[in-house]
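Heads up: the structure comes next, in structure tokens.
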Amino acid sequence: MTVFGIYILTILAPVVSGLLIYALKSRKAILPITLGGSLPFLMLIIYAVSTLQESAHSKFFWVPGLEMGWQLDRLSLALIALVIFISLLVHVFSVYYMDEDKGIYRYYLKLGFFTSAMIGLLGADHLLLLFLFWELVGFFSYLLIGFWFK
């Protein structure tokens, strides 16, 4: 698997985990889904950091004449690993802290999207893509801050 395959899966994993938790609505499934959606990708990113020799680029055309993509080097992959690790700690802590909260499934959905936006922000190589993920981080921060709206 290429570095970009790992990166794309790493972006999608928190979203899929959040959607699964929201769809299943089972408190017993939260911790296994969280660990299953984070630990393998943390290990893959750490492996990619240790094996990557030089910066890797992946470009695509968004509209004709506008090329953007991803640039992954050892520093960005190390920061992605740090984001995944801190997110994993937050997810595990929240399982016990929010045990009695009725909206815990909605919280995990928002937290998954927030984590994915942060991971996307760290790999962007174009200003427009960076801005898009920066705005998504801000939007999901707003949703997480407003979680207890009553």
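The values are calculated or read from the model by the stated rules, or taken from the named source; none is laboratory data. Model, not experiment: these values are computed from the prediction. Using ideal geometry, Cβ is built from the backbone for each residue, glycine included, and neighbour counts are taken over all protein chains shown. Areas reflect the complete protein model, heavy atoms only, side chains present, ligands, DNA and RNA absent. Shrake-Rupley method; radii C 1.70, N 1.55, O 1.52, S 1.80 Å.
Annotations
- Pairs of Lys residues in the chain are counted when their Cα atoms are under 28 angstrom apart and they lie 8 or more places apart or on different chains; the count is 9.
- Here Phe131 and Arg106 are evaluated by their C-beta separation; at R0 = 25 Å the FRET efficiency comes out at 0.40.
- Gaussian network model of the chain, Cα within-10 Å springs - most flexible of Thr51, Thr115, Thr34: Thr51
- A 1.4 Å probe run over region 10-89, with the rest of the protein chains in place, finds 58 Å² accessible per residue.
- Surface composition of the chain: carbon plus sulfur atoms contribute 72% of the solvent-accessible area (1.4 Å probe, protein chains only, all chains present).
- For region 41-150, the set of GluC sites (Glu not before Pro) satisfying both a DSSP loop assignment and a count of at most 16 other C-beta atoms within 10 Å is given as Glu54, Glu100.
- Under the simplified labelling scheme, the Leu24-Ser141 pair shows an inter-label distance of 3.1 nm, with each label point 7 Å from Cα along Cα→Cβ.
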